[in-house]
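**Student:** Let me give you the structure first, and then I'll get to my questions.
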Amino acid sequence: MQFMIFEKYLENKKNIIDKSLDEYLPSEEKPPSSIHKAMRYSVFGGGKRIRPILTLATAELFEKANERVIDTACGIELIHAFSLIHDDLPCIDNDDFRRGKPSNHKVFGEAVALLAGDALLVSGYDLIIKNTEVKEIKKQSILKVIKEVSFYIGTENMIGGQVEDVSLKNEEIKKEDLFNLYMKKTAALICLSIRAGAILSEANQRQLKALTKYGENIGLAFQIIDDTLDIMQDQRDTGKPTYATKYGIKESRTESERLIKEAKDSLKIFNKKAETLKNLADYLLTRKR
């Protein structure tokens, strides 16, 4: 798939996801309006929808229609939005901006931002449960996805990674520490997105293992590329150690390319059916933000 064509693919999927999210979320006018405004502010704050697109693309790998998994894809995106709101709070990363706009708590105050994050987490689960309304989806598959969500956002993964992030000291960090942190904070939610699409498509264990390896590698590359872009664009300098600040832009680029190659290699069992996922991995290397 040529790059221009693939960008059209991403735009099309983003539009599908945005439409679904807009229809699901309460309007800004619905009481209590302050929290609904805050929820929508972050959900529609400029994200590329990489995680829900991965869910849709994985289902397409198994020749399943987008409509079959769209609720779960959007549910995971709401959980992602929850994590970003909480990440930016003064008690955690204390970031005033997110995607070039004032962070949620800078617009709506810390209390509403905290509650908006909580509401998005709850809404994420609600949307995933809503996927049971699709008659082709087995109820058992939804239960498996819910268990996956709890595991990947729990203390062994995303939340645990946040705990480690706030306590990490620059002078003692090693490469394996950074990779372990990135695996929990970033790769976990990416793996969840992919595995959810696969589980709802009734993938077997061999296929799930290959897709998980793909998710882990693109997740690590995604965060390293983010670190590099932050340095190049002089943004989000929290004083925390990152791969790019510790090893430099050149080494970060080399490591990202290695991880993307490993990610694509892990998809060999799918032959040409995995072209979209391979293109998505390549896209991560070329993105500017």
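**Student:** If you add up the charges near GLU216, with Lys and Arg at +1 and Asp and Glu at -1, over every other residue whose beta carbon is less than 12 angstrom from its beta carbon, what do you get?
**Tutor:** Details: positive: LYS184, ARG195, LYS209, LYS213; negative: GLU262.
Every neighbour counted, the sum reads +3.
**Student:** Exactly which chymotrypsin sites (Phe, Trp or Tyr not before Pro) in the stretch 1-56 are in a DSSP loop and have at most 12 other Cβ atoms within 10 Å? Present the calculation step by step, with values, prior to reporting the outcome.
**Tutor:** Details: sites: PHE3, PHE6, TYR9, TYR24, TYR41, PHE44; in loops: PHE44.
Hits after loop and neighbour filter: nothing returned.
**Student:** Under a crude label model (7 Å from the Cα following the beta-carbon direction), how far is LEU168 from SER150 in nanometres?
**Tutor:** Between LEU168 and SER150, the simple spin-label model gives 2.8 nm.
**Student:** Another question, if that's okay. When each pair of different Cα atoms in the stretch 159-228 is counted once in the 1/r mean, what is the Kirkwood radius in angstroms, to one decimal?
**Tutor:** Values: mean 1/r = 0.0773 Å⁻¹.
Kirkwood hydrodynamic radius for the stretch 159-228: 12.9 Å.
**Student:** Explain nothing, just the number: dipole magnitude of the stretch 39-84 about its Cα centre with +1 on each Lys and Arg Cβ and -1 on each Asp and Glu Cβ, in debye rounded to the nearest 20. Display every interim value, and only then the final one.
**Tutor:** Working: 6 positive and 5 negative charges, 39 e Å.
For the stretch 39-84, the charge dipole is close to 180 debye.
**Student:** With Cβ to Cβ distances under 13 Å as the rule, what net charge do the other residues near ALA73 carry (K, R +1; D, E -1)?
**Tutor:** Values: positive: LYS13, LYS14, LYS19, ARG49, ARG51, LYS64, ARG68, LYS130, ARG195; negative: ASP18, GLU60, GLU67, ASP71, GLU77.
Here the count lands on +4.
**Student:** Relative contact order for the stretch 144-289 using alpha-carbon pairs under 8 Å, separation at least 6, rounded to a whole percent?
**Tutor:** Values: 156 pairs, mean separation 34.3, N = 146.
It rounds to 23 percent for the stretch 144-289.
**Student:** Let me know the charge dipole size of the chain about its Cα centre in debye, to the nearest 20, where only the beta-carbon of Lys, Arg (+1) and Asp, Glu (-1) is charged. Walk me through the numbers before you get to the answer.
**Tutor:** Working: 46 positive and 44 negative charges, 202 e Å.
Computed about the Cα centre, the dipole is about 960 debye.
**Student:** Sort 66-74, 269-277 for me by packing, meaning the mean count of neighbouring Cβ atoms within 10 Å per residue, highest on top. Write out the running numbers ahead of the final one.
**Tutor:** Working: 66-74: 24.8, 269-277: 15.0.
Highest to lowest by the protection proxy: 66-74, 269-277.
**Student:** Next question. Counting only residues 5 or more places away or on other chains, whose amide H sits under 5 Å from the amide H of ARG98 once H atoms are built in the peptide plane?
**Tutor:** For ARG98, whose amide H was placed from the backbone, the distant partners under 5 Å are SER103.
**Student:** Which entries of LYS30/LYS278; LYS144/LYS185; LYS147/LYS175; LYS147/LYS261; LYS144/LYS272 have Cα-Cα distances beyond 32 Å here? Intermediate results must be reported in sequence, preceding the final value.
**Tutor:** On the way: LYS30/LYS278 42 Å; LYS144/LYS185 22 Å; LYS147/LYS175 30 Å; LYS147/LYS261 30 Å; LYS144/LYS272 28 Å.
Pairs exceeding 32 Å: LYS30/LYS278.
**Student:** Under a Cβ-only charge scheme (Lys and Arg +1, Asp and Glu -1), can you give me the dipole magnitude of the stretch 1-146 about the Cα centre, in debye to the nearest 20? Let's see the in-between values first.
**Tutor:** Values: 21 positive and 22 negative charges, 74 e Å.
In debye, rounded to 20, the stretch 1-146 gives about 360.
**Student:** Let me check against my output: what whole-number percent is the relative contact order of the stretch 134-213, with C-alpha pairs under 8 Å and at least 6 apart?
**Tutor:** Once normalised by length, the contact order is 38 percent.
**Student:** Using 10 Å bins from zero, what percent of all Cα-Cα pairs in the chain falls into each bin?
**Tutor:** Using 10 Å bins, I get a P(r) of 6, 29, 37, 23, 5, 0 for the chain.
**Student:** What full-extension length gain, to one decimal in nm, is calculated for LYS261 and VAL122 as 0.36 nm per residue of separation minus the Cα-Cα distance?
**Tutor:** Numbers: separation 139, 0.36 × 139 = 50.04 nm, distance 3.60 nm.
Gain on stretching LYS261 to VAL122: 46.4 nm.
**Student:** Would you check the accessible area of ILE50, probe 1.4 Å, heavy atoms only, in square angstrom rounded to 10?
**Tutor:** The value for ILE50 is about 10 Å².
**Student:** Here's something else I'd like to know. Not counting ligands, DNA or RNA, and with a 1.4 Å probe, what is LYS264's accessible surface area in Å² rounded to the nearest 10?
**Tutor:** Surface open to solvent at LYS264 totals about 60 Å².
**Student:** Relative contact order of the chain: what whole-number percent is it, with Cα pairs under 8 angstrom and at least 6 residues apart?
**Tutor:** Details: 378 pairs, mean separation 51.3, N = 289.
In percent, rounded to a whole number, it is 18.
**Student:** Just how far, in whole angstrom, is the stretch 193-228 from the stretch 81-145 if you go by their alpha carbon centroids?
**Tutor:** 20
**Student:** While we're on this one: Please name which of SER150, THR245, ALA263 has its Cα lying farthest along the dipole of the chain towards the positive end, using unit charges on Cβ (Lys, Arg +1; Asp, Glu -1) and the Cα centre as origin.
**Tutor:** Farthest towards the positive pole: ALA263.
**Student:** Provide the per residue accessible area, probe 1.4 Å, for the chain, rounded to a whole number of square angstrom.
**Tutor:** Values: 13840 Å² over 289 residues.
I get 48 Å² per residue for the chain.
**Student:** Sorted by accessible area with a 1.4 angstrom probe, largest first, how do ARG258, ARG51, ARG98, ARG206 fall? Intermediate results must be reported in sequence, preceding the final value.
**Tutor:** On the way: ARG258 100, ARG51 25, ARG98 50, ARG206 160 Å².
Of ARG258, ARG51, ARG98, ARG206, the descending order of accessible area is ARG206, ARG258, ARG98, ARG51.
**Student:** If you take every residue apart from LYS184 with its C-beta less than 12 Å away from the C-beta of LYS184, what net charge results, scoring Lys and Arg +1 and Asp and Glu -1?
**Tutor:** Details: positive: LYS185; negative: GLU156, GLU164, ASP165, ASP177, GLU216.
Its environment carries a net charge of -4.
The values are calculated or read from the model by the stated rules, or taken from the named source; none is laboratory data. Remember, it's a predicted structure, so these values are computed and weren't measured experimentally. Neighbour counts are summed over all protein chains in view; Cβ atoms, including those assigned to glycine, are modelled from backbone coordinates with ideal geometry. Remember, those area values only see protein heavy atoms, side chains included, never the ligands or the DNA or RNA. Shrake-Rupley method; radii C 1.70, N 1.55, O 1.52, S 1.80 Å.
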